[in-house]
Amino acid sequence: MCGRFSLTAPKEVIGKAFDVWAENDIPARYNIAPRQPVLVVRNSEKGKRHLAAVEWGLVPEWRKDIGDKPLINARVETIADKPSFRSSVKRQRCLVPFTDWYEWRTVNGRKAPFRIRPHDGVLGAFAGVWATWHGPGGDNWLETMAIVTASTRSVLKPLHHRRPLVVRHEQYADWLTPHDPLPRDFLGSFDWVEEEQFEWMQVRDKMNSVRFEGAECHAPPVEERQQSLF
């Protein structure tokens with residue numbers, strides 16, 4: 001599962017990594033949460049790659065209202081069959097740039113936040129799907145997205161039973177190219193970045209609040225920092 005992540009890379013790094021042009025500065029965000037705007041990379045109708053800001057929490061186009069529980073994740077095992085996602089996974093896939101993501105586990109009887117990041121520190125991309133919701137009267141315009149997840153099997157399993165799928169750079173174009181119908185075993189053809197390429201460490205409890213923002217989100221717990229001084 002992925003319920004919080006960060007994107008702190010400058011626009012020049014993002015532009016080079018995804019072969020896109022960013023006109024405006026992209027502010028560093030250390031605590032991106034559901035129902036907030038997020039940056040995605042997707043193809044235009046002409047097939048040209050571009051950046052877009054959409055809301056995290058997919059709302060299917062056929063839904064009558066937005067609802068109280070946003071669909072922030074889509075299971076890769078069922079995404080092609082679920083009514084909420086099966087249209088998007090055919091024609092509206094996107095890349096979600098990230099530098100880190102967060103998960104929670106119980107430590108000393110309480111929920112503690114952990115930061116997961118690539119060993120090499122390179123900017124990554126979650127596999128995502130997006131949709132446009134117009135409402136029952138067709139007079140709304142809301143673009144939303146969800147992050148594709150899979151079961152954890154090795155390094156990340158002690159932290160959480162699911163993880164976001166990370167697309168390799170050489171398969172960005174394959175993920176963004178629409179297909180209708182979806183080719184047989186399309187999702188199984190991707191060589192997702194392995195769990196072994198990531199490391200995780202505990203961060204401050206302030207991360208429990210979606211209102212907490214800034215570089216301190218990546219700081220270790222205060223107790224750990226004090227102990228390291230001796």
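The values are calculated or read from the model by the stated rules, or taken from the named source; none is laboratory data. It should be emphasised that the depicted structure is a prediction, and the values quoted were computed from it without experimental measurement. Please note: Cβ atoms are built from the backbone with ideal geometry, for glycine as well, and neighbour counts cover all protein chains shown. Heavy atoms of the whole protein, side chains included, go into the accessibility calculation; ligands, DNA and RNA do not. Shrake-Rupley method; radii C 1.70, N 1.55, O 1.52, S 1.80 Å.
Of the conditions (1) on the phi > 0 side of the Ramachandran plot; (2) free of Cβ contacts under 8 Å to residues at least 24 places away in the same chain, residue 214 fails just one. Which one is it?
(2)
For region 50-67, which positions are in contact with a Ser or Thr (Cβ under 7 Å, 6 or more places away or on another chain), assigned to a strand (DSSP E or B) and open to solvent by less than 10 Å² (accessible area, probe 1.4 Å)?
54, 58
Which condition breaks for residue 207 when tested against (1) open to solvent by less than 20 Å² (accessible area, probe 1.4 Å); (2) closer than 19 Å to residue 73 by Cα?
All conditions are met except number (2).
Evaluate the following for residue 189: is it loosely packed, with under 12 Cβ neighbours inside 10 Å, among the hydroxyl-bearing types (Ser, Thr, Tyr), closer than 19 Å to residue 90 by Cβ and over 19 Å from the mean Cα position of the chain (by Cα)?
Answer is yes for this residue.
When the residues of region 14-30 are filtered to those that are assigned to a helix (DSSP H, G or I) and under 18 Å from the mean Cα position of the chain (by Cα), which remaining residue is surrounded by the most Cβ atoms within 10 Å (Cβ to Cβ)?
Residue satisfying both the conditions and the ranking: 18.
Does residue 127 satisfy the condition of being aliphatic (A, V, I, L, M) and either over 30 Å from residue 222 (Cα atoms) or touching a helix residue (DSSP H, G or I) at 6+ places or on another chain (Cβ under 6 Å) (or both)?
Against the criterion (aliphatic (A, V, I, L, M) and either over 30 Å from residue 222 (Cα atoms) or touching a helix residue (DSSP H, G or I) at 6+ places or on another chain (Cβ under 6 Å) (or both)), residue 127 qualifies.
Can you confirm whether residue 165 is in contact (Cβ under 8 Å) with a residue 40 or more places away in the chain, open to solvent by less than 60 Å² (accessible area, probe 1.4 Å) and either in contact with a Leu (Cβ under 8 Å, 6 or more places away or on another chain) or within 21 Å of residue 38 (Cα to Cα) (or both)?
Yes.
Within region 69-98, can you find the residues that are touching a helix residue (DSSP H, G or I) at 6+ places or on another chain (Cβ under 9 Å) and either within 27 Å of residue 221 (Cα to Cα) or open to solvent by less than 10 Å² (accessible area, probe 1.4 Å) (or both)?
Within region 69-98, 74, 79, 89, 93, 94, 95, 97 qualify.
Would you please name the residue that is most open to solvent (accessible area, probe 1.4 Å), looking only at residues in region 31-46 that are in a loop (DSSP other than H, G, I, E, B) and among the basic types (Lys, Arg)?
Across region 31-46, the extreme among qualifying residues is 46.
Identify all residues within region 42-82 that are among the acidic types (Asp, Glu) and under 24 Å from residue 188 (Cβ atoms); write none if there are none.
Matches in region 42-82: 77, 81.
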